[in-house]
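Here is the structure we will look at.
The values are calculated or read from the model by the stated rules, or taken from the named source; none is laboratory data. Computed from a predicted model, the values in this text were never measured in an experiment. Cβ coordinates were reconstructed from backbone atoms using ideal geometry, including for glycine residues, and neighbour counts include every protein chain displayed.
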Amino acid sequence: MQRLIRTLTLVALTSLFICGAVTAAEPLSPEDLLALKQVTSARISPDGQWIAYTVEVPRRADEKPGEAYSELYAVSVKTGEIKTLLTGAIEAKSIAWRPDGSVIAFLFEKDGEIAQLRTIPASGGEARQVTDSESKVTDFRWHPAQNKIVYLAETPKTEREKALKAKGYQFEFYEENLKHKNLYLIDLDDPNVGGRRTQLTEGRTVWSFEFSPDGNAIAASITEKNLIDQWYAFRKIHLLDLKTGALRQLTNNPGKLGNFAFSPDGAYLAYAAAKDQKDNQVSQVFVIPAGGGDARNLTPTDFPGHVNWVGWKDKNTVAYRSNEGVNTTLSTVGVAGGDRKVILNSADAGIVFEAPDFTRAFNNFALVGNSPAFPGEVYYWNGGKELKRLTVSNPWLTERKLGKQEAIRYLARDGQEIEGLLIYPVDYQPEQQYPLVVIVHGGPESNFSNEWITRYSEPGQVLAGKGYAVFFPNYRASTGYGVEFALQGYGDPAGKEFDDIADGLDYLIQQGIADRSRVGVGGGSYGGYASAWFATYYTQFVKAVCMFVGVSNLISKRSTTDIPYEELYVHSGKKLEAMWELSLQRSPIYWAQQSKTAVLILGGTEDTRVHPSQSLEFYRQLKMNDHPAVRLVQYPGEKHGNRKQTSRRDMLYRILDWYDWYVKDARPLDGPLPPLDISAKYGLELPE
C-alpha cells in the first residue's frame, strides 16, 4: 500500500512538474530569434567517420556592427563527439577535406581583413594560412591527387592604381575597368605562405569550378565580364586543360546555370540549369560528354518541381536534389535517361535538407537539415530509412512554445491550386479569428519549404507568439512546382502572382482563421514589391505593410538595377519601350493616391539590386498624396538585405511594432505613428 502511495505521489509530482513546465514555457521572443545559432554547411570526411561543419553565431547587441560569426567544428558520425576547431570573432566558411582526410581547408575572415585560405589538422591544432592574395579569396578546391589547391580571386590592383588611389585619384567608372576573377594554383608543400602560385586563367571571369577526377582538367563557369548580371544570365561551362592551358567552351545553356560535377570516370559532366532562356530559375538536370557533344536533359517530362543541385552516385548514375512543393527530394537517374528513383524525401523524413555531401561510394552522407521546429543542424545518412541528427545548436529552443506550421492549399480565382505554409497562433483556438500577417518571398523565383522559416525580416514564429496567424504563400512564379507554374508570372508582373496572394487572404478569412479587419503584408525584394502593391492596388485588403528593399516603379527599377538582362530575359520578356503602359500600371506608385494602408518602408543605402531610389519614390509619392501613416527607414552600408546585427535588430523590432500598432491594435491611420526611437529595445546600456 505504501509503495502504491509513493508511486501515485511520484506520478502526481511528475505530472505537476510537466504541466508547470508547459505552463511556464514562453513563445519565441525577438531576442530569442536574434540569438539563434544555425549550422550553415557540413562536409563529410573521405572515410565517412567525421563531419566538419560551420555554425553561424549572431553578434550580440553591444558588439561592433558586423555580420554574424562563423565557427568551425567536427562531429563524429559514430559517437557524436564534437571537436571544437576554430571559434570566436571570426568567419570560417567553404570547408573542404583534403582527399586523404588529414586536413581541413576553409576560408577565413576577421573584421577588417580580406578572406584568405587556411588549413587545420582534422584532429585539431593551429590553423595555417596558405594564401596571401591581395584580393578576397572566394572559392577553392583541393587537387584530387596532389597536395595542391586551386583558388579563385580577383585580379589585384596594379602599383599604378594603388598610387593613384593614395593621391585621391580613385574614381568609379560604372561597369568599366572591371577586374576579372581568376584561378590560381598553389603548392602546399612549399613552406612559404602563397608560395609557387600559378595563375591559370586571365581575360575572363571565373565564377565556380570543379576538378576532373584525374586532376588534369578543370570545369569552370565563365563569363566575359565580372558583373553580377553576367553571373545570372550568361554563364557557360568551359574546360581548362591544366597541361596545355587550353580553354574550350563545353555547354551552350541558354539560361541560368547551377552547379556541375564530373562523373567518377571523368567521361561526363552533369549540370543543373534552366530549361530555356525565359525559365526564371535553375530547374533541370543535364548531362554532357566531357569530350564535347550534345547535352541530354534527364529531368522527368513536365516535372512538378525544380532541380537545384546535381552530383553522381556512380559513373552510370546521376543524383539530383529538387524542391517539390514545400518538400525537398534526392533522386537518382541513369546517365542514359529513364525513370528517376527518389531515395530521400523530406515529406517522409520530416527534415528539409540542403544539397548533400557524400563519400566516394555514395553510402555516407552529411546534410544540413532543419524543420518547422528548429533551424539548420548536422545530419548523417547512410542511405537507409532514418536520418541521424548529430548537433543541437539551440538546446533551449525546446523550451519555447511554437505555433503549429502546416502546408495549406486553396484554389485561386481561375481554378489554379496554390500551396503555402501557415503558422497558427500559439495556443490557437479554432472558434477565434486572429490578426493575420502575410509574408511574401522574393525572387519571385524562390519558394517556402516546410522548414524553419523565421528570420529577422520574416519573423513568423515571433508573430505567432504574439497572437498572429502567419501565411507564407507560394504564389505563381514561385519555384518548386514546375517550369509551367513559374512561367505564369512571365511578362505579367503583379498579375496572377499577387492575385494568388489576395485569394489566399480570402481563403483564410473564409476558413474563420483570419480577421478581415486586421491583416498585414510584408516581404523583401519581390516580396517588397508585393507589399507595395497591397498598400496601393489592393489597399482594401490590408491595414499595414512592411516593404523591405522593394520595387515601387517598374520603369525606373529597370534602369537602376544591376541585373537588367536577367530582368529582361526571365521576367519582362520585352524591352521597356515595348511595355511602357503595362510597366506603369503595374507599379505601386501609379496607385499610391488611393492607399489606405499604413506603410513602413525599409532598405539599405548601398543596394544595387533594387536601388534605394525605389523606396524614396514610393515614400515621396505617398507623402505628396497626404498619406498620414508612412515611414522610410534606411540602413547605412547595407545592400540587398541586412547583414549587420545592428540593422537586423532595429528592423525586427520596428516591423513588430508596426504590425502591433496598425494590425493587432487596429489604430487609425490619421493618429500618431509608432515611436520612432526604439533604442530601449536594442538591449544596450545607454545614457539617459
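If I filter region 423-459 down to residues being among the aliphatic types (A, V, I, L, M) and closer than 19 Å to TYR526 by Cβ, which single residue comes out as nearest to the chain's Cα centre (by Cα)? My answer is ILE453. What residue, among those in region 60-83 that are in contact with an Asp or Glu (Cβ under 8 Å, 6 or more places away or on another chain) and in contact (Cβ under 8 Å) with a residue 24 or more places away in the chain, is surrounded by the most Cβ atoms within 10 Å (Cβ to Cβ)? By that ranking, first place goes to SER70.
Within the option set VAL55, VAL39, VAL75, being in a strand (DSSP E or B) and more than 22 Å from the chain's Cα centre (by Cα) holds for one residue only, VAL75. Listed by first and then second residue, the pairs with beta-carbon distance under 6 Å, at least 6 apart or on different chains, first residue in region 629-646 and in contact (Cβ under 8 Å) with a residue 60 or more places away in the chain, second part of a loop (DSSP other than H, G, I, E, B) and of a type in the set (Gly, Ala, Ser), are LYS644/GLY66. Among the residues of region 78-118, the one identified as part of a loop (DSSP other than H, G, I, E, B), basic (Lys, Arg) and under 24 Å from the mean Cα position of the chain (by Cα) is LYS110.
Within region 54-111, the set of residues being among the aliphatic types (A, V, I, L, M) and closer than 29 Å to GLU638 by Cβ comprises VAL55, VAL57, ALA61, ALA68, LEU72, LEU86, ALA89, ILE90, ALA92, ILE95, LEU107. Just so you know, in region 163-206 the residues that are in a loop (DSSP other than H, G, I, E, B) and of a type in the set (A, V, I, L, M, F, W, C) include one that is modelled with the highest pLDDT, and it is LEU200. Is at least one residue of region 490-507 out of contact with any helix residue (DSSP H, G or I) (no Cβ under 9 Å at 6 or more places or on another chain), buried (at least 24 other Cβ atoms within 10 Å of the Cβ) and among the hydrophobic types (A, V, I, L, M, F, W, C)? Among the residues of region 490-507, not one is out of contact with any helix residue (DSSP H, G or I) (no Cβ under 9 Å at 6 or more places or on another chain), buried (at least 24 other Cβ atoms within 10 Å of the Cβ) and among the hydrophobic types (A, V, I, L, M, F, W, C), which makes the answer no. The set of residues in region 617-645 that are assigned to a strand (DSSP E or B) and within 15 Å of LEU600 (Cβ to Cβ) comprises VAL630, ARG631, LEU632, VAL633, GLN634, TYR635. When ASN364 is tested against (1) buried (at least 19 other Cβ atoms within 10 Å of the Cβ); (2) without any contact (Cβ under 8 Å) to a residue 60 or more places away in the chain; (3) not hydrophobic (A, V, I, L, M, F, W, C), just one condition goes unmet, and that condition is (2). Being surrounded by 20 or more Cβ atoms within 10 Å (Cβ to Cβ), over 26 Å from ARG518 (Cβ atoms), touching a Lys or Arg at 6+ places or on another chain (Cβ under 7 Å) and acidic (Asp, Glu) is a property that ASP562 lacks. For GLY124, the requirement of being at pLDDT below 95, in contact with a strand residue (DSSP E or B) (Cβ under 6 Å, 6 or more places away or on another chain) and not charged (D, E, K, R) is met.
Within region 346-374, the residues that satisfy the criterion of being over 22 Å from HIS306 (Cβ atoms) and either modelled with pLDDT under 95 or not hydrophobic (A, V, I, L, M, F, W, C) (or both) are THR359, ARG360, ASN363, ASN364.
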